[in-house]
Amino acid sequence: MKLRLITVIALMSVFVFAPLLDAGENMPPTDPEKFWTYITETNSYKGWGFWPGHVGIYPGKSPHGAYLKLYANSIALKAAREGKSTMPEGAILVKENYGKDKKTLMAVTPMYRVKGYNPEAGDWFWAKYGPDGKVMAAGKPKGCVNCHKAVKSNDWIFTEAK
Ligand code: HEC
């Protein structure tokens, strides 16, 4: 009898706690429009932290903006702070690209780690959006991949987290 009660309680706790554990893992699909909705509404990147060592706006290089802001979701931030050499599944970096006036948002370029999505290019989903969310490139764009390949040994990431 007692054993049965324990079993029932154990089973119940799985149902009660599993959704809680899952809450942060509810990751977006690799559909560019749905991904945009995720990073701007469901889990708006403006509420995330900045990439370590890059708080606020800082100068960037071509082909990205003259000025940049680099946001990272909690999964990416945790890994970066722990000094992990590769970003775990679900890590998202969102870069805002600004013009020379530091005010005009030109484009939003995220990278999103999806295990098995594109093993030849570090399993990153890449995208480029206009400031209004218009999809300019998404998925496995050759441009992003071929250039970021230069830092393949750094998990395809140029910017050091420090
Ligand atoms: C010709 C090279 C080049 C191309 C093409 C390119 N990037 Fe980058 N990217 C860089 C460099 C260099 C940085 C470092 C920041 C800087 O100085 O602009 C960077 C930084 C980033 C970052 C911040 C994380 C990091 O790696 O430092 C993201 C996110 C990013 N790029 C996304 C993209 C996406 C998405 C595309 C395609 C739409 C793309 N990039 C195309 C060179 C490139």
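Each value in this text was obtained by applying a stated rule to the coordinates, not by laboratory testing. None of these values were measured; they are calculated from a predicted model. Note that each Cβ is placed from the backbone with ideal geometry, even for glycine, and that neighbours are counted across all protein chains shown.
Remind me, relative contact order of region 27-154 in percent, using alpha carbon pairs under 8 angstrom and six or more residues apart? Mind showing how you got there, number by number?
On the way: 225 pairs, mean separation 21.4, N = 128.
Here the relative contact order equals 17 percent.
Which of LYS100/LYS142; LYS69/LYS103; LYS34/LYS84; LYS34/LYS140; LYS34/LYS134 have a Cα-Cα distance over 18 Å? Can you show the working numbers first?
Numbers: LYS100/LYS142 26 Å; LYS69/LYS103 11 Å; LYS34/LYS84 28 Å; LYS34/LYS140 16 Å; LYS34/LYS134 12 Å.
Going by Cα-Cα distance, LYS100/LYS142; LYS34/LYS84 fall outside the 18 Å limit.
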Along region 49-55, what does the Karplus equation 6.51 cos²θ - 1.76 cosθ + 1.60 (θ = phi - 60°) give for ³J(HN,Hα), rounded to whole Hz, x for Gly and Pro? x, 8, 4, x, x, 9, 7
Add +1 for every Lys or Arg and -1 for every Asp or Glu among the other residues with Cβ under 15 Å from the Cβ of LYS149, and state the total. 0
Residues with amide H under 5 Å from that of TRP51, placed H, sequence gap 5 or more: LEU70, TYR71, ALA72
Going fewest to most other Cβ atoms within 10 Å around each Cβ, THR42, THR37, THR159, THR109 line up as THR42, THR37, THR159, THR109
